[in-house]
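K.L.:
First the structure, then my questions, so here it is.
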Amino acid sequence: MIMQTQYDEKKHVLTIQIEGRFDFSCHKAFKDAYSSVESNCKFELDMTKVTYVDSSALGMLLLLRDYAGGDQGEIILNNCNDAVEKILRIANFDRLFSLH
Amino acid sequence: MSLVSLNILIADDNPSDRLLLKAMLSGLGHNVDVAEDGLEAIEKFDPEITQLVCLDVVMPDCDGLEAAIKIQEMSRGRFIPIVFLSGLSDTSSLVNCLKVGGSDFISKPYNLVLIAAKLDAIIRILSLQKKLEAQRDKLSSYNEQLIHEQEVAKVVYENITHSNCLSDPCLNTFFYGHHLFNGDVILAAYKPNGGMHLLIGDFTGHGLSAAIGALPLADIFFEWTRKGFLMRQIVPELNRRLKAILPADMFCSALFVDLNITDKTLEVWNGGLPDAFFFSQRQKKPQPLTSHNLPLGIVSESEFTYSTEIVSFEKGDSFLAWSDGIYEAIDSKGMMFCEHQLTPLVEGRVDSDNLLHWLRRKLETEGVLDSSHDDISCLKIDLSDAIGAEQESNTLTVEEPDTPSDFSFEYTLNAESLKNTDPLPYILQIIMTVSGLKHYSGQVFMMLSELYSNALEHGVLRLNSSLKETNDGFVLYYMERETRLSTLESGYIRIKISISSNEVGGILSIQLEDSGDGFDTSQVKLKLEDSDEMYNRGLPLLGQLCKSINFSEKGNRVEIQYQWDK
């Protein structure tokens with residue numbers, strides 16, 4: 001797993017790019033990534049290179065959602081591959097996050 | 001044992017060398033013991049005391065190499081360095097010394113500066129070794145304690161999650177977990193009026209942290225089912241409780257099944273688990289039952305959705321559900337298991353009697369079980385209308401004298417309450433305070449729910465049973481029931497209960513009156529054999545249980561008398 005972040009100060013958007021397996025081993029890196037910015041920030045996850053998510057990754061997404069203020073937060077998941085999107089949809093996470 | 005001053009054992013058959021080395025080492029501050037040959041060295045060696053052994057290579061009787069081997073055997077896993085003393089200088093004999101386990105050698109004639117430096121190096125190794133041993137001991141005692149605690153927790157966990165009816169012959173399950181605790185749960189409980197509630201759940205993560213959430217889940221599931229609560233009341237409660245106690249990143253993907261034997265339907269709530277499948281003998285392909293809800297424990301009560309699917313079953317149909325361990329597993333070619341391996345099953349090409357066997361073989365041959373990274377569990381139900389029908393008072397009965405009772409109460413529900421509450425569990429709880437009736441709670445609940453759903457569906461909501469006649473009729477019927485109930489504006493159901501009992505038995509009378517139009521009561525058939533339609537079974541069933549059934553008014557009031565003996 002490789003994780004990179006990019007913060008756009010003007011738009012107040014944090015982009016987190018994740019590569020490879022998105023699972024429990026990302027826990028600390030992911031938490032560090034989103035908590036480096038203020039919680040009223042807009043979050044974009046670049047999922048292009050994510051090959052796999054497991055249930056603890058879904059849990060991490062919920063942590064981020066909590067951090068971003070629950071329903072008020074703005075979190076976008078970009079470019080999930082089919083397998084990843086399927087897992088997100090089975091859990092009905094498309095109701096909690098915007099999938100693009 | 002101090003590491004600055006070591007307990008050293010020297011073995012050398014040459015008295016002057018022996019004395020010289022002893023003097024030098026003593027002079028460096030160590031405690032020195034001496035032996036004249038290998039045998040004496042072995043005798044004097046004590047793994048509890050000796051910290052360093054110096055052996056001359058060439059000695060009579062037992063030479064240094066032999067003694068070294070023996071001493072290492074006696075060390076019992078402790079690291080006690082052996083240093084060879086030698087006048088020899090050929091490479092092969094020095095290599096031999098190291099081969100049998102020697103740490104170093106000191107060549108004769110002795111050089112004090114070199115010996116002091118070597119001793120320092122040995123002390124460094126020993127102190128490092130000592131630190132490691134202390135850490136190892138600490139770790140292993142910590143681990144022992146942890147295992148002990150987990151074992152205690154496991155007993156509690158299993159008592160709670162397994163106090164269920166998974167052994168019922170209609171159920172088949174399998175479970176693969178690679179932790180002491182499993183993040184998956186399968187729960188099954190008979191409902192008081194026959195039929196069964198089932199839940200298959202998968203908590204985020206694995207091991208103990210995943211298992212913790214299973215405790216409140218199981219607790220509510222069993223308790224509320226036993227008390228006669230309905231699936232649509234239990235599921236939101238499970239969500240509410242898990243939401244309240246679990247940390248934000250933990251949740252439970254779950255599938256709840258209400259198996260109803262009176263009208264032979266299966267209602268399924270799926271929140272975050274992969275499609276479950278209903279195998280009907282009438283259809284070639286199984287019908288998928290898809291997740292329409294968020295898993296349990298994520299959203300608050302107000303956002304929680306209760307979206308279910310209902311199917312009608314016949315004897316011989318079956319139902320299959322699994323946790324996403326199967327779904328996310330990777331097959332031997334590195335592909336997602338679900339996509340490639342499950343296709344024959346999803347397309348109905350696997351014999352439904354053989355489903356679990358087929359699935360297990362698949363998991364084995366694809367090597368999923370060896371490399372699985374998630375718990376895998378699977379549940380199959382062989383459907384029939386006899387499930388849970390005969391489990392009356394199978395709990396141990398402690399014979400205690402029945403105390404007489406004599407009371408009555410009346411409970412009226414108007415439109416808003418009819419929409420939002422289910423009064424039966426509460427009424428049942430009051431009735432069950434009568435000690436003699438405890439053994440008959442299943443029958444009492446059955447009568448109550450039969451009468452109540454008649455009054456609600458046919459009376460207040462004016463639904464016609466003939467809707468149920470077609471194959472999908474039950475499904476249509478329940479959809480219509482939902483619609484009418486949610487738009488209900490007026491109507492009532494009045495429930496009157498009266499009980500009088502003595503030490504040997506008693507009479508329970510239940511009267512229900514509804515705001516409906518009533519019906520022509522002369523057409524009522526109370527004998528089971530008179531009624532071969534699948535939907536008119538309620539009243540004949542009551543007829544069997546009760547002493548009397550009487551309709552009055554225009555058919556919108558019914559009273560039954562139930563008599564019991566000790």
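K.L.:
For a quick check of your reading: which strands (runs of 3 or more DSSP E) sit entirely within the range B:449-558 and have at least 2 residues that are farther than 30 Å from residue B:268 by Cβ and at pLDDT below 85? Quick ask: steps written out before the conclusion?
P.N.:
Details: elements: B:492-501, B:505-514, B:548-552.
So the answer is none; nothing clears 2.
K.L.:
So how many residues does the range B:37-89 have that are of a type in the set (Phe, Trp, Tyr) and open to solvent by less than 50 Å² (accessible area, probe 1.4 Å)?
P.N.:
2
K.L.:
Restricting to helices (runs of 4 or more DSSP H) lying wholly in the range B:62-170: which have 2 or more residues that are at pLDDT 90 or above?
P.N.:
B:64-74, B:112-161
K.L.:
Given the criterion within 40 Å of the chain's Cα centre (by Cα) and among the small types (Gly, Ala, Ser), identify the matching residue among B:466, B:490, B:509, B:486.
P.N.:
B:486
K.L.:
Separate question: Could you check the range B:385-432 and list, in sequence order, the residues that are open to solvent by 70 Å² or more (accessible area, probe 1.4 Å), at pLDDT 75 or above and more than 22 Å from residue B:231 (Cα to Cα)?
P.N.:
Answer for the range B:385-432, where residues must be open to solvent by 70 Å² or more (accessible area, probe 1.4 Å), at pLDDT 75 or above and more than 22 Å from residue B:231 (Cα to Cα): B:403, B:404, B:406, B:408, B:410, B:411, B:414.
K.L.:
Give the residues of the range A:88-100 that are within 11 Å of chain B (Cβ to nearest Cβ) and open to solvent by 10 Å² or more (accessible area, probe 1.4 Å), sorted by residue number.
P.N.:
The answer is A:89, A:90, A:92, A:94, A:95, A:96.
K.L.:
Follow-up. With the condition kept exactly as written, say whether any residue in the range B:303-312 is at pLDDT below 90, open to solvent by 50 Å² or more (accessible area, probe 1.4 Å) and part of a loop (DSSP other than H, G, I, E, B).
P.N.:
Taking every residue of the range B:303-312 in turn, none turns out to be at pLDDT below 90, open to solvent by 50 Å² or more (accessible area, probe 1.4 Å) and part of a loop (DSSP other than H, G, I, E, B).
K.L.:
Quick check: is even one residue across the range B:470-480 closer than 23 Å to residue B:560 by Cβ and either under 38 Å from the mean Cα position of the chain (by Cα) or among the acidic types (Asp, Glu) (or both)?
P.N.:
Scanning the range B:470-480 turns up no residue that is closer than 23 Å to residue B:560 by Cβ and either under 38 Å from the mean Cα position of the chain (by Cα) or among the acidic types (Asp, Glu) (or both).
K.L.:
May I ask you to verify whether residue A:5 is open to solvent by 80 Å² or more (accessible area, probe 1.4 Å) and β-branched (Val, Ile, Thr)?
P.N.:
No: the conditions fail for residue A:5.
K.L.:
In addition: Test of understanding: among B:319, B:256, B:277, which residue is touching a residue at least 60 places away in the same chain (Cβ under 8 Å), in contact with a helix residue (DSSP H, G or I) (Cβ under 8 Å, 6 or more places away or on another chain) and either part of a loop (DSSP other than H, G, I, E, B) or open to solvent by less than 40 Å² (accessible area, probe 1.4 Å) (or both)? Explain how you work it out, then say what you get.
P.N.:
Numbers: B:319 fails: in contact with a helix residue (DSSP H, G or I) (Cβ under 8 Å, 6 or more places away or on another chain); B:256 fails: touching a residue at least 60 places away in the same chain (Cβ under 8 Å).
Among B:319, B:256, B:277, only B:277 is touching a residue at least 60 places away in the same chain (Cβ under 8 Å), in contact with a helix residue (DSSP H, G or I) (Cβ under 8 Å, 6 or more places away or on another chain) and either part of a loop (DSSP other than H, G, I, E, B) or open to solvent by less than 40 Å² (accessible area, probe 1.4 Å) (or both).
K.L.:
If only one of B:318, B:291, B:302 is under 24 Å from the mean Cα position of the chain (by Cα), within 14 Å of another protein chain (Cβ to nearest Cβ) and among the small types (Gly, Ala, Ser), which one is it?
P.N.:
B:291
Residues checked against (1) open to solvent by 10 Å² or more (accessible area, probe 1.4 Å); (2) not in a helix (DSSP H, G or I):
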position	(1), (2)
B:173	yes, yes
B:182	yes, yes
B:188	no, yes
B:217	no, no
B:229	yes, yes
B:233	yes, no
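K.L.:
Condition check: in contact (Cβ under 8 Å) with a residue 24 or more places away in the chain, more than 11 Å from every other protein chain (Cβ to nearest Cβ) and in contact with a Pro (Cβ under 7 Å, 6 or more places away or on another chain). Does residue B:313 satisfy that?
P.N.:
Taking the combined requirement at face value, the residue does not satisfy it.
K.L.:
Search the range B:97-116 for residues that are β-branched (Val, Ile, Thr) and pair each with any residue that is assigned to a loop (DSSP other than H, G, I, E, B) and surrounded by 15 or more Cβ atoms within 10 Å (Cβ to Cβ) when their beta-carbon atoms are under 8 Å apart and the residues are at least 6 apart or on different chains.
P.N.:
Final answer for the pair search is B:115/B:28.
K.L.:
Also, I was wondering about something else. In this structure, is residue B:269 within 14 Å of chain A (Cβ to nearest Cβ) and either buried (at least 22 other Cβ atoms within 10 Å of the Cβ) or of a type in the set (Phe, Trp, Tyr) (or both)?
P.N.:
When the stated conditions are applied, residue B:269 passes them.
K.L.:
Another question about this same structure. Tally up the residues in the range A:45-87 that are facing chain B (nearest Cβ under 10 Å) and not β-branched (Val, Ile, Thr), please.
P.N.:
Here is the first cut: in the range A:45-87, the ones facing chain B (nearest Cβ under 10 Å) are A:52-67, A:70-71, A:82-83, A:86-87.
Add one more test, that the residue is not β-branched (Val, Ile, Thr), and what stays is A:52, A:54-67, A:70-71, A:82-83, A:86.
Residues flagged as facing chain B (nearest Cβ under 10 Å) and not β-branched (Val, Ile, Thr) within the range A:45-87 amount to 20.
K.L.:
Residue B:344: modelled with pLDDT under 90, away from chain A (no Cβ under 14 Å) and either outside any loop (DSSP other than H, G, I, E, B) or farther than 21 Å from residue B:378 by Cβ (or both), yes or no?
P.N.:
Numbers: modelled with pLDDT under 90: yes; away from chain A (no Cβ under 14 Å): yes; either outside any loop (DSSP other than H, G, I, E, B) or farther than 21 Å from residue B:378 by Cβ (or both): yes.
It is true that residue B:344 is modelled with pLDDT under 90, away from chain A (no Cβ under 14 Å) and either outside any loop (DSSP other than H, G, I, E, B) or farther than 21 Å from residue B:378 by Cβ (or both).
The values are calculated or read from the model by the stated rules, or taken from the named source; none is laboratory data. Bear in mind the structure is a predicted one, so any value in this text is a computation, not a measurement. Every residue, glycine among them, receives a Cβ derived from its backbone with ideal geometry; neighbour counts consider all protein chains shown. The accessibility values were calculated without ligands, DNA or RNA, using every heavy atom of the protein model including side chains. Shrake-Rupley method; radii C 1.70, N 1.55, O 1.52, S 1.80 Å.
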